[in-house]
Amino acid sequence: MQPRTAKGKGKTREQIIGEQAAFLASKTPEVFDLEFVQKRFPTSYEESMNTVLFQECVRYNAMLAEMKVSLIQVQRALLGEVVMDEMLDAMATSIFDNIVPKNWSSCGFLSMKPLASWIVDCNARISFLNEWYEKGTPIVFWVSGFFFPQAFLTGTMQNYARQQKIAIDKLSFEFLF
């Protein structure tokens, strides 16, 4: 119910949002080069995890691209260089309130964390995928770090079924009973 302006010697709401947006932009990782991911981990019948990695990179790229563009736009809107439309205003309010903006959460991973913790979690997830890309398929996976963990579980079952020469439907059936 308080107005968005305050009197005093502290920073204005716009200054705080601008600083936070600049900080978030500096912490937002670059998008994955999907061509290089595809070359290094090509789609293969023998290794379903390559497809999982590629799909994760595609999903994170959509989110990272939205983050990069919208952070630039909100900073420009605060400076008066572009119109502060409804989406940018909602995003600015979310940044000020330490809430993940809706335009990020709509294309991002599921999380109930506040914005400050969310960006740390986001960077850890991207680091996990970067490490996978740089060092090869890991021995241990961070399942909750996946954008779409069901694809990982399916890929694991596919790899096992193909190694054992068992139909995946039969394998699934055996696990259920």
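Any read-out appearing in this document is the output of simple, stated calculations on the displayed coordinates, not a laboratory observation. Since the model is a prediction, treat every value here as computed from it, not as a measurement. We place every Cβ from the backbone using ideal geometry, glycine too, and count neighbours over all the protein chains shown.
Placing +1 on each Lys and Arg Cβ and -1 on each Asp and Glu Cβ, with no other charges, gives the chain a dipole about its Cα centre of roughly 400 debye. For residue 39 and residue 163, the difference between the fully extended length at 0.36 nm per residue and the C-alpha to C-alpha distance is 42.3 nm. Sparsely packed loop sites in region 7-92 (the GluC sites (Glu not before Pro) outside DSSP H, G, I, E and B with at most 13 other Cβ atoms within 10 Å) comprise 30, 46, 81.
If exposed trypsin sites (Lys or Arg not before Pro) are those in a DSSP loop with at most 15 other Cβ within 10 Å, what is the longest stretch of the chain that has none? That gives 12-164 as the longest site-free run.
Entry note, the chain: relative contact order of 24 percent, from Cα contacts under 8 Å with a spacing of 6+ residues.
Sparse packing (at most 16 other Cβ atoms within 10 Å of the Cβ) combined with a DSSP loop state is found for the following chymotrypsin sites (Phe, Trp or Tyr not before Pro) in region 35-68: 45.
Between residue 30 and residue 9, full extension at 0.36 nm per residue minus the direct alpha carbon distance yields a gain of 3.9 nm. Counting only whole DSSP H helices of the chain, the ones at least 24 Å long by C-alpha along their axis and with mean Kyte-Doolittle hydropathy no lower than 0.5 are 49-79. Between residue 76 and residue 113, full extension at 0.36 nm per residue minus the direct alpha carbon distance yields a gain of 10.7 nm.
Around the amide H of residue 100, modelled in the peptide plane, lie the amide H atoms of 115, all under 5 Å away and 5 or more residues distant in sequence or on another chain. Centre-to-centre, using Cα atoms only, region 122-147 and region 54-102 are separated by 24 Å.
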